[in-house]
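The structure appears below as structure tokens.
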Amino acid sequence: MKDVLLLSFLLAASVSDLKYRKIDNALILSGILAFSLLLFFTGGPAALLSGYCYTVLVFVLLFPCFALGFLGAGDIKFLMVLILAVGAGELRDALQFILPAALLTAALSKKRQFPAAVPVSLGILASAAFH
């Protein structure tokens with residue numbers, strides 16, 4: 001169930017980011033709700049609280065990137081949802097795949113902002129495949 005939900009969310013966010021250069025807020029809210037419920041029912045209130053603490057940390061750490069124009073608000077919200085979906089450890093492990101994909105995407109992009117959902121999604125999938 002979680003894998004199907006995660007794959008659907010990654011695909012929808014990537015398509016939205018490629019097509020519209022933003023990730024729709026309705027998709028973000030759906031992801032927050034779905035993964036919050038999943039986290040609550042599989043890990044209880046403590047797991048949900050921990051997940052929310054990590055989402056705040058993601059926001060605080062990435063806000064300067066938004067302020068400098070390197071990431072859009074949707075990209076940050078997307079990563080906040082992914083913390084709820086996969087957890088901080090899995091997202092950290094996926095960075096080894098996300099960063100090269102993001103650098104390549106940024107190099108190929110003609111604009112300062114690029115569709116970050118695509119390399120992040122690919123990194124999450126690659127990390128899951130190798131672990």
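Values quoted throughout were computed directly from the atomic coordinates according to the rules given, and no laboratory measurement underlies them. In this text the structure is predicted, and so the values were computed from the model without any measurement. All Cβ positions, even for glycine, are placed from backbone atoms using ideal geometry, and neighbour counts span all protein chains on display.
Between helix 73-86 and the chain there is an angle of about 40 degrees, using the helix long axis and the longest principal axis of the Cα atoms.
Using C-alpha pairs under 8 Å with a sequence gap of at least 6, the mean separation divided by the residue count of segment 75-123 gives a relative contact order of 41 percent. For the chain, the longest principal axis of the C-alpha atoms and the axis of helix 117-130 are separated by about 60°. Does anyone have the angle between helix 25-67 and the longest principal axis of the chain? Alpha-carbon axes, 0 to 90°, nearest 10? Tilt relative to the chain: about 30 degrees. So for the chain, averaging the separation of alpha carbon pairs under 8 Å that are six or more residues apart and normalising by length, what relative contact order in percent results? With pairs under 8 Å counted, the relative contact order is 29 percent. Averaging 1/r over each pair of different alpha-carbon atoms in the chain and inverting the result gives 14.8 Å, the Kirkwood hydrodynamic radius. Across segment 4-13, coupling constants 3J(HN,Hα) worked out from phi with the 6.51/-1.76/1.60 Karplus curve, θ = phi - 60°, read 5, 4, 5, 4, 4, 5, 4, 5, 4, 5 Hz, and Gly and Pro carry x.
Assuming R0 = 35 Å, what is the FRET efficiency of Leu68 and Ala46, from their Cβ-Cβ distance, to the nearest 0.05? Present the calculation step by step, with values, prior to reporting the outcome.
Working: r = 35 Å, r/R0 = 1.00.
Plugging the Cβ-Cβ distance into 1/(1 + (r/R0)^6) gives 0.50.
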